[in-house]
Structures are given as C-alpha cells and as structure tokens.
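Q: I have a structure here, written as structure tokens, and I will follow up with some questions on it.
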Amino acid sequence: LLIVNTGPGKGKTTAAFGLALRMLGHGRRVGVVQFIKGAWHTGEKDALARFGDLVEWHTMGEGFTWETQDLQRDIAAAGRAWEKARALMDDPSISLVILDELNIALRYDYLDLEQVVEVLKARRPDLHVVVTGRNAKPPLVEAADLVTEMEVKKHHFAAGVKAQQGIEF
Ligand code: ATP
Ligand code: MG
C-alpha cells in the first residue's frame, strides 16, 4: 500500500509510527526517513532504536529547518534524503518505509513531484510506504491506496498548552 497521512490535525506522524510498531511486532524490518529536522529530539527515535537491526533511521541534513537562508543547501539536503528513501525502498529486507514530512519537502518544491510519485508508484509489490505531512499534493493523493486527512476538532495549543514530552516529542 501507498499510505498518506495528511491534514491539519495532530496524529499524522504518530499514526505512521503506530504502523511501524505493528510491523516490528511481526519481526519485520522498518525504514524511516525524516524530511525535516524538527526542533525536538523525539521519543520515537530512541524507542525504535531499541529494536536494533530491525529499524533503519535517517534524518535529513543537520541543522535543517524551513526558515533557512540557504535554499540551495536545503534542496541538496532534500535530494540526499530522497536518495536514502529510494535505497530503503530498494532493500528487499524492509517491509515498511516511513517518509515522515515528505509532503513538506514536496510543498516547497525541494523535490520533483512527478518523479517522486513515479518512484512511489513503481515500488516493489511487497513494500508498504507511508508518507506524512500537511498539504499532500493532489497527484500523490491520487496515486495512494489509503489517504487519511487529520482534521482539527480541538488542539490544546489554542488554549496555550505548550509542547509536552511524550505527546509532542
Ligand atoms: P504527531 O507527530 O503528534 O502525530 P503530526 O505529525 O500530525 O503530529 P505535524 O504537522 O508534524 O503534526 O506537527 C508536529 C507537531 O505540531 C505535533 O506534535 C503537534 O502537537 C503540533 N500540532 C499538530 N497539529 C497542530 C495544530 N492543529 N495546532 C497546533 N499544533 C499542532
Ligand atoms: Mg508530523
């Protein structure tokens, strides 16, 4: 399956890691590429590290944010992350690849949308891929088998509640 978790509500990335746990519970291998380097060191990275060789985790270029002054450097970092993603998708020992926040890299045109969609569509038949991030591009939604749009009914941030360990990171 090609799975897309999008929309403005919370739960896109955490749902993807829920699937990772499900796959790992069956002893199957999972690959992760994070297309943005968030401000926080997240609990899921350390948790999945405990699975040892069953998990391959790659984070895009050090110091990368979307407020960068150096567009060319960031485009290059996105390209390297995408090459990593392709390598994981080509590894026959991996059953699930999570491309976390790939939608953000596509939204900023840091990667070629058409090429990305073609590669995702041409994945080997025994591989599941999850793409997360807000504002999924229509051609990706079109190509996907399962698309979930997270909707905000309420978010504690609006009431002034700051990011908390175990909830946001
Ligand atoms: P999570 O990683 O918790 O599953 P997500 O992947 O759906 O969240 P992102 O768009 O990647 O959400 O944003 C990362 C963080 O931003 C979330 O951990 C989070 O709580 C916060 N966030 C998500 N949605 C909202 C919102 N509607 N308003 C304010 N903050 C939000
Ligand atoms: Mg996310």
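The values are calculated or read from the model by the stated rules, or taken from the named source; none is laboratory data. On a predicted model such as this, the values are computed, not experimentally measured, just so you know. Positions of Cβ are generated from backbone atoms using ideal geometry, with glycine treated the same way; all protein chains shown enter the neighbour counts. Accessible surface is based on the protein model in full, side chains and every heavy atom, while ligands, DNA and RNA are left aside. Shrake-Rupley method; radii C 1.70, N 1.55, O 1.52, S 1.80 Å.
Q: Net charge around H156, counting only other residues with Cβ within less than 14 Å of its Cβ (Lys, Arg = +1; Asp, Glu = -1)? Numbers along the way, then the final one.
A: On the way: positive: K10, K153, K154, K162; negative: E168.
With Lys, Arg at +1 and Asp, Glu at -1, the neighbours total +3.
Q: Report, to the nearest whole %, how much of the accessible area of the chain belongs to carbon and sulfur atoms, 1.4 Å probe, protein only.
A: 52 percent
Q: While we're looking at this one, here's another question. Arrange the peptides 44-55, 6-17 so that the one whose residues have, on average, the most other Cβ atoms within 10 Å appears first.
A: So the peptides 44-55, 6-17, ranked by packing, come out 6-17, 44-55.
Q: Same structure, new question: What is the set of long-range amide H partners of V147 at a cut-off below 5 Å, with H atoms built 1.01 Å from backbone N?
A: So V147 has HN proximity to V4.
Q: Still on this structure, I have one more. Take the alpha carbon gyration tensor of region 1-54, find the square roots of its eigenvalues, order them as a ≥ b ≥ c, and report rounded if a/c is under 1.5; if not, report prolate when a/b exceeds b/c, else oblate. Intermediate results must be reported in sequence, preceding the final value.
A: On the way: a/c = 2.02, a/b = 1.25, b/c = 1.62.
The shape class here is oblate.
Q: Could you report region 35-146's accessible area per residue, 1.4 Å probe, as an integer in Å²?
A: 54 Å²
Q: Does region 9-152 come out rounded, prolate or oblate by the C-alpha gyration tensor, with a ≥ b ≥ c the root eigenvalues, rounded set by a/c under 1.5 and, if not, prolate when a/b is larger than b/c and oblate if not? It would help to have the intermediate numbers written out before the result.
A: On the way: a/c = 1.38, a/b = 1.20, b/c = 1.14.
Because its axes are fairly even, with a/c under 1.5, region 9-152 counts as rounded.
Q: Karplus couplings for region 93-105 from phi (6.51 cos²θ - 1.76 cosθ + 1.60, θ = phi - 60°), rounded to Hz, Gly and Pro as x?
A: Values per residue, Gly and Pro as x: 7, 9, 9, 9, 10, 9, 10, 6, 6, 4, 4, 6, 4 Hz.
Q: Follow-up. Which pairs, out of K45/K154; K10/K153; K10/K137, put more than 21 Å between their alpha-carbon atoms?
A: K45/K154
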